[in-house]
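First up is the structure itself, then whatever we jot down about it.
The values are calculated or read from the model by the stated rules, or taken from the named source; none is laboratory data. This one's a predicted model, so the numbers in the text were calculated from it and none came from an experiment. Positions of Cβ are generated from backbone atoms using ideal geometry, with glycine treated the same way; all protein chains shown enter the neighbour counts. To get the accessible areas, we keep the full protein, side chains included, count just its heavy atoms, and leave off ligands, DNA and RNA. Shrake-Rupley method; radii C 1.70, N 1.55, O 1.52, S 1.80 Å.
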Amino acid sequence: MSIQVDHVTKRFGTFTVLNDVSLHVEEGELVALLGPSGCGKTTLLRILAGLERPDQGRIFLQGTEVTDQRISERRVGFVFQHYALFRHMTVADNVAFGLTVLPRTQRPSETRIQEKVRELLGLVQLQAMADRYPSQLSGGQRQRVALARALAVEPKLLLLDEPFGALDAKVRKELRRWLRRLHDELHITGILVTHDQEEALEVADRVVVMHQGNIEQIGTPDEVYENPANPFVYRFLGDVNVFHGRVSEEQIEQERSEGRSGGTSERAGEREVTFVRPHDLELSRSRTNDDQVEATVRTVLTAGSRVRVELMSQISGQAIEVELTKERYRELAVGEGEVVFVHPRHRRVFKMPPP
Amino acid sequence: MKPIRVTADTDLQWKDSLTTESSLVRRLLIAAAFFYLTLFLFIPLAAVFAEAFKGGMAAYVGSFLNEDALAAIRLTLLVAFVAVPLNAVFGVAAAWAIAKFDFVGKQILVTLIDMPLAVSPVISGLIYVLLFGAQGWLGPWLAEHDIKIIFALPGIVLATIFVTVPFVARELIPLMQSQGRDEEEAAITLGASGWQMFTRVTLPNIKWSLLYGVILCNARAMGEFGAVSVVSGHIRGLTNTMPLHVEILYNEYNAVSAFAVASLLTLLAIVTLAAKAVVERKMLSPIIVADPVLPVQAGSSR
């Protein structure tokens, strides 16, 4: 089911949670709403489900306006962060719930319901747990039950509110791969709310980065990671080194002579911020070009798949984080206290409005 | 292995001696508690039954087998029969509103529910006399229409309801607050109607606390003296509840009968306590675990 969010605004008291947000999601897509807590992503999800009503704007599902439609008419499946399983029912009864509350005329027969429950528990690989109570399951198992329960009513749209947020790192990783496979099998339109950028980039077809009630950027994981639209997105999607500076006369002169920009001297004095990812910084033991910054090695962390080196710039005293492959680190063989030269392979400069 | 275990044991003892008092202090505290309970609970309780059976079994039974005593018992049961279900329904509704929704005046409602506990029962009774009594605000209108509230059954029921309002609601509010709205929202997103959500999700989750509240509410409804005393008028065989009947008998120096009826109320208290203990245990283990298998790690089942 395709989704159209049309200029939606939501306020709680005087606080604007969503500020004129518009979004389109294609049928069959899995989209992640990504942002820090309080950015409005969960509110947007709850508005789509019908658990909240927008103050302004409209919601369309499959081209039909549903802004004022009741939850039960929307046919959406909702998966809660803390599972929200019915604690007094067995796993099987939990999964069957959506079918047993159907009006008598639409309700499948008892045997058909049982069959369906078995099928769904098979899908989430929990057949053996059918007679257990939620309190007897691990967090990961509970969330899979919650997913099976949401799928039982054959929703055309699946909404997941930080579904793996309460799980430990390893289970979280397993479950999100499993979710992606499940999505590829079922082709249900899905919206996943998360504050974990790694999760969003790995699972989703498209990522919607949100901040303070606004959408900052929409794009494929590659697009938002490689081409962040603004400093916020840059910072939010992974570690980054930030260098503050002002545009100097010489810089403009040089750019002009190299034909890189037609900038005028009006730009002089403008603030600019340079963003460089730790793995986009190159280290060398001797000066090879003018662009390099001289820095002292403060700490080296070798645990993990990559080596992280923390430097201190000798000019500004600023801390710089560099990520190296193990091979490169062995080649360089730098130790704490030694002096190295840093330069960015790839950087992104954002002009900032004068303060 | 052995040396390690010894170390662990001594560690434990060392920790014990840090966190608990010496055995002398412990024994003194326990003895003090027992002395206090014996003096103020067990002796009076024993005295009630001793006095009740002073005249022998026949006199004991005879205390109940007269018109006035039977009427008092019937009235008490009737009052509880009306007041307890009403307060159960009100308590669930109020707790639901307070725990699951935000609205203006929520704090005022919470305070109002607690009020009957803070106000002296005699005052609670007087409120109704002031409202419905012959000289009260609505008195003349009621007299005109020949409706009797004060010194009649409606007044007794009203006073009892007022006094027992907090019991169910106060039991449910903290529980429902801690359970949150998640399960109800899940039920709604799965297509349940409001009524289905209530009967299939909300009610099963609160049933033991509700029962607990009802038990306390019932005990208070049957035992209430002050408020009922003010509105009842003490008409024998008509508006006397059991506690009032006990007082009248006692004032007439009919000690055996007074204590006999009192022993019935005492039995009610004991039954209440027993029921409360059973329900409390159910509340602590909301789910009866059929086979206590340890949770399997997620993912290991694939």
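Looking at segment A:152-177 only, could you name the residues that are basic (Lys, Arg), without any contact (Cβ under 8 Å) to a residue 60 or more places away in the chain and open to solvent by 10 Å² or more (accessible area, probe 1.4 Å)? Write out each step before concluding.
As a first pass, look at segment A:152-177 and keep what is basic (Lys, Arg): A:156, A:170, A:172-173, A:176-177.
Then keep just the ones that are without any contact (Cβ under 8 Å) to a residue 60 or more places away in the chain; that gives A:170, A:172-173, A:176-177.
Listed by number, the residues that qualify are A:Lys170, A:Arg172, A:Lys173, A:Arg177.
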Failed item, numbered, when B:Leu131 is tested on (1) of a type in the set (A, V, I, L, M); (2) in a loop (DSSP other than H, G, I, E, B); (3) in contact with a Phe, Trp or Tyr (Cβ under 8 Å, 6 or more places away or on another chain): (2)
Residue tally, condition in contact with a helix residue (DSSP H, G or I) (Cβ under 7 Å, 6 or more places away or on another chain) and β-branched (Val, Ile, Thr), over segment A:6-16: 1
Considering only residues that are open to solvent by 10 Å² or more (accessible area, probe 1.4 Å) and closer than 17 Å to A:His88 by Cα, which ones fall in segment A:140-151? A:Arg142
Only one of (1) of a type outside the set (Val, Ile, Thr); (2) modelled with pLDDT under 90; (3) open to solvent by less than 50 Å² (accessible area, probe 1.4 Å) does not apply to A:Arg287, and that is (3)
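I'd like to know if segment A:185-192 contains one or more residues that are facing chain B (nearest Cβ under 10 Å), in contact (Cβ under 8 Å) with a residue 60 or more places away in the chain and within 19 Å of A:Ile47 (Cβ to Cβ).
Narrowing segment A:185-192 to residues facing chain B (nearest Cβ under 10 Å): none.
Among the residues of segment A:185-192, not one is facing chain B (nearest Cβ under 10 Å), in contact (Cβ under 8 Å) with a residue 60 or more places away in the chain and within 19 Å of A:Ile47 (Cβ to Cβ), which makes the answer no.
On the given criteria, is A:Gly304 more than 25 Å from A:Val209 (Cβ to Cβ), at pLDDT below 90 and not charged (D, E, K, R)?
Values: more than 25 Å from A:Val209 (Cβ to Cβ): yes; at pLDDT below 90: yes; not charged (D, E, K, R): yes.
Yes, satisfied.
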Does segment B:160-173 contain any residue that is without any contact (Cβ under 8 Å) to a residue 24 or more places away in the chain and buried (at least 17 other Cβ atoms within 10 Å of the Cβ)? no
Residue that is nearest to the chain's Cα centre (by Cα) [pool: residues in segment A:24-52 that are away from chain B (no Cβ under 14 Å) and surrounded by fewer than 20 Cβ atoms within 10 Å (Cβ to Cβ)]: A:Pro36
Requiring at least 1 residues that are in contact (Cβ under 8 Å) with a residue 60 or more places away in the chain and closer than 18 Å to B:Arg200 by Cβ, the helices (runs of 4 or more DSSP H) wholly within segment A:21-117 are none
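Of all residues in segment B:194-210, which are more than 7 Å from chain A (Cβ to nearest Cβ) and either under 18 Å from A:Thr100 (Cα atoms) or buried (at least 19 other Cβ atoms within 10 Å of the Cβ) (or both)? I'd like the intermediate steps shown before the answer.
Of the residues in segment B:194-210, the ones more than 7 Å from chain A (Cβ to nearest Cβ) are B:194-195, B:197-200, B:202-203, B:206-210.
B:Gly194, B:Trp195, B:Met197, B:Phe198, B:Thr199, B:Arg200, B:Thr202, B:Leu203, B:Ile206, B:Trp208, B:Ser209, B:Leu210 - these are the residues of segment B:194-210 that are more than 7 Å from chain A (Cβ to nearest Cβ) and either under 18 Å from A:Thr100 (Cα atoms) or buried (at least 19 other Cβ atoms within 10 Å of the Cβ) (or both).
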